[in-house]
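Notes to accompany the following structure.
Any read-out appearing in this document is the output of simple, stated calculations on the displayed coordinates, not a laboratory observation. As the structure is a computational prediction, the values presented were derived from the model and not from experiment. Methodologically, a virtual Cβ is constructed for each residue, glycine included, from the backbone with ideal geometry; neighbour enumeration extends over all protein chains shown.
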Amino acid sequence: MRFDRSSSALRAATIKAIAMLAVGMFPLHSRAQARSTAVFGLEPGQTSAVELGFNYTYIRANAPPAACGCFSMNGGGGNLVVNMPHGLSLVADLEAVHASAINGTTQNITVFNYLAGPRYSYRTSSRFTPYIQVLLGGSEELSNYAFVQNSNAFAVSGGGGVSRALTPHLAWNIVEVDYIYSRLPNAVNDHQNDLRVSTGITLRFGPR
């Protein structure tokens, strides 16, 4: 689809913010490596072995063709995080979002994103844990717009967020911001550049 200047500026600002976050995490990673190996457990300062998250998701999307075509989608999803030493994790992320009467038309869209990949978290004795991640996978779109009904395509996301431990078994994923690129057909250029913001709760499970 075609983009107006505001859409291009939003995309550029999102990518720049993600890059700055990644660069800023490198010195933190060096300090983290200087500390002793992470202790797995549920006490303050320890790392849970597995985390299961449930999130509300907002996406600023531009899937339909026509100028920017920007619109909002709402939904939710979940993720499974398997933590490893040195701040590394493996993440599997599933979500579904929906929009109706897009830009005053009769078009409805539901999008399913299924992504997986690595995450790096800066873990300290603090209850706050910032992280960055890059996930790869696919995107499926269901729509009453005939050209994109039941379409599947490649998708990739990059971003980060910050979580806060509330209790030994519960954490709050305060905010996560991601840029999502997908290749769903749209009758114009067959790619999307979306901004995703999510928040939710995380269940934390025992030591290794």
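Taken one residue at a time, the phi angles of the range 97-114 give Karplus couplings (6.51, -1.76, 1.60, θ = phi - 60°) of 10, 9, 9, 10, 6, 5, 6, x, 9, 8, 7, 10, 9, 10, 10, 10, 10, 10 Hz. Gly and Pro are set to x.
Proximity of backbone amide H atoms, modeled 1.01 Å from N, is registered between Leu184 and Gln192 at under 5 Å, excluding neighbours fewer than 5 places apart on the same chain. Summary of the geometry: the range 138-208 and the range 117-133, compared by the centres of their Cα atoms, lie 18 Å apart. Over all other residues within a Cβ to Cβ distance under 13 Å of Tyr58, the charged ones net out to -2, with Lys and Arg as +1 and Asp and Glu as -1.
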